[in-house]
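In what follows, a structure is listed as structure tokens, so that the remarks can point back to it.
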Amino acid sequence: MIAHMTRTHPVKNGADPLPDRTETIEDLREKLRRYELIFQATNDVIYDLNLEDGTVVWNEALYTQYGYEHDEPTGTLEWWTGHVHPDDALPLENRVSTLFDGSTNSWQHDYRFRRADGGYNYVHDRGLVLRSGNGKPTRIIGSLLDVTAQAQLDIAKDEFIALVSHQLRTPLTVIRVYGEMLTGGAFGQLTDEQAEWVRNMTQSSARLIDVVGAILNISRLELGRINISATQQDILKLTRDTVKGVAPLAADKEVEIAVSLPDSLPQLHVDTIIYVQTLHNLLTNAIRYTEAQKGRVTVSIDEADEGYVVSVSDNGIGIPLDSQPHIFERFYRARNAVGAETQGSGLGLYLVKVMTDTYGGKLWFESTEGQGTTFYVWIPAGGMRPL
Ligand code: ADP
């Protein structure tokens, strides 16, 4: 098959190395056999598409993996595109047309490809584009990697997210609201003890709503579903507003919050939800991991490295040295944190890290156990880059 592929498409533009003259027929046979075995071993469908006359040559995997008979007229581009899922056909066509404008030599695209039994497999198509002297694409040699299992996992995850958001969040919110109504005296006065228990219940359900929200955000991020929608913003105002939002938590613990901001800053292209969520997370951590009555938290913004660094500093419990490499891992909590603050999920920082990486920012920290921690977020001067 491979020998056949080489024969039908003679060497062009010096792209295919000519065999070394000293190689014997036996050497060449062995080489071809090796390639055939490699192609068999990968199980990938391999194609050689001639863009000039629209002919395609496939390897054996097309027939074994997709169930087509050898008399199926598979040798044309028309047959190929006719077997792409109708919903994926236009994006594929658009993607192919970009090859004619650009000069890049690698090609990749994901779509669904029809099997002989009528069902579809998800494929990751990637290949090498060969061009003529004037840059026109003439040929693509590539493979269709079957990613159906991964795609099905993504679909299952998607359904799980929908399930979590509707089936878990709604009843949890009902518990919290009724709890708040009970403690507010909506159904008669509670004794101090009853009020205390109901308050505990309400707080726990509020916490659970937060955790479910965080898991939801993470799943969406991992599925690439969170779009960064950045607009010009006054980050000084956003920062002050976020600090106001955590003031009750700080007041509860009698932790002081100092704000050290420049008088003015140019507007910055940021996604307000992501900015506020990031700062809120860092501030609540600083307050929660700081001793009551003794705590001091400082928020600052400085210009640095063609961007802005927002920092949140505290004089709290700090992060033990051996925990520091793990702090951005999902569900990770340092041992000193577990003792100091029972309510924690280990998801907040992971989420902030993923969001920061997604918009092209940086997140890091400095900490000494028992002395305090400073978290830094760097946002490029050009703002958050939309996905
Ligand atoms: P959570 O706070 O819910 O446990 P996070 O992902 O926000 O989850 O934080 C992960 C861990 O990082 C915390 O459990 C704690 O060990 C550590 N940490 C975060 N912020 C601070 C801080 N300001 N001071 C000390 N430890 C911190």
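The values are calculated or read from the model by the stated rules, or taken from the named source; none is laboratory data. All of these numbers come straight from a predicted model, not from anything done at the bench. A quick note on method: Cβ atoms are made from the backbone with ideal geometry, for glycine too, and the neighbour counts reach across all protein chains shown.
Here Leu349 passes the criteria (1) part of a loop (DSSP other than H, G, I, E, B); (2) buried (at least 18 other Cβ atoms within 10 Å of the Cβ); (3) near the ligand (Cβ under 7 Å from one of its atoms) except the one numbered (1). Can you list residue pairs whose Cβ atoms sit under 7 Å apart, with the first residue in segment 178-197 being of a type in the set (S, T, N, Q) and the second being surrounded by 14 or more Cβ atoms within 10 Å (Cβ to Cβ) and outside any helix (DSSP H, G or I)? Count only pairs 6 or more apart in sequence or on different chains. Between residues of segment 178-197 that are of a type in the set (S, T, N, Q) and residues that are surrounded by 14 or more Cβ atoms within 10 Å (Cβ to Cβ) and outside any helix (DSSP H, G or I), the close pairs are Thr183/Leu190. On the basis of being surrounded by 17 or more Cβ atoms within 10 Å (Cβ to Cβ), among the hydroxyl-bearing types (Ser, Thr, Tyr) and at pLDDT 95 or above, does Ser311 make the cut? Here the answer is yes, as Ser311 does meet what is asked.
Residue-by-condition table, conditions (1) part of a strand (DSSP E or B); (2) at pLDDT 90 or above; (3) of a type outside the set (Asp, Glu):
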| position | (1), (2), (3) |
| --- | --- |
| Val11 | no, no, yes |
| Leu18 | no, no, yes |
| Glu36 | no, no, no |
| Leu49 | yes, yes, yes |
| Thr74 | no, yes, yes |
| Trp79 | no, yes, yes |
| Ala89 | no, no, yes |
| Ser97 | no, no, yes |
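Checking the conditions here, which among Ala337, Ala381 is among the hydrophobic types (A, V, I, L, M, F, W, C) and more than 22 Å from Lys253 (Cβ to Cβ)?
Ala381
Total residues in segment 24-63 satisfying the condition of being without any contact (Cβ under 8 Å) to a residue 40 or more places away in the chain, surrounded by fewer than 13 Cβ atoms within 10 Å (Cβ to Cβ) and within 34 Å of the chain's Cα centre (by Cα): the figure is 2. None of Arg207, Arg176 is at pLDDT 85 or above and either within 25 Å of Leu347 (Cα to Cα) or surrounded by 14 or more Cβ atoms within 10 Å (Cβ to Cβ) (or both) except Arg176. Within segment 153-173, being at pLDDT 85 or above and among the polar types (S, T, N, Q) holds for one residue alone: Thr173. Scanning segment 367-387 for residues that are assigned to a loop (DSSP other than H, G, I, E, B) and within 23 Å of the chain's Cα centre (by Cα) gives Ala381, Gly382, Gly383, Met384, Arg385, Pro386, Leu387. Every listed requirement among (1) near the ligand (Cβ under 8 Å from one of its atoms); (2) more than 15 Å from the chain's Cα centre (by Cα) is met by Trp364 save one, (1). Scanning segment 246-280 for residues being farther than 20 Å from Gly383 by Cα, within 16 Å of the ligand (Cβ to nearest atom) and either under 28 Å from the mean Cα position of the chain (by Cα) or assigned to a helix (DSSP H, G or I) (or both) gives a total of 4. Listed by first and then second residue, the pairs linking a residue in segment 321-349 that is free of Cβ contacts under 8 Å to residues at least 40 places away in the same chain and on the phi < 0 side of the Ramachandran plot to a residue that is more than 8 Å from the ligand (Cβ to nearest atom) and among the charged types (D, E, K, R), with Cβ atoms under 6 Å apart and 6 or more places separating them unless they lie on different chains, are Phe328/Lys353.
Is it the case that Val312 is near the ligand (Cβ under 9 Å from one of its atoms), in contact (Cβ under 8 Å) with a residue 60 or more places away in the chain and assigned to a strand (DSSP E or B)?
So Val312 passes the test.
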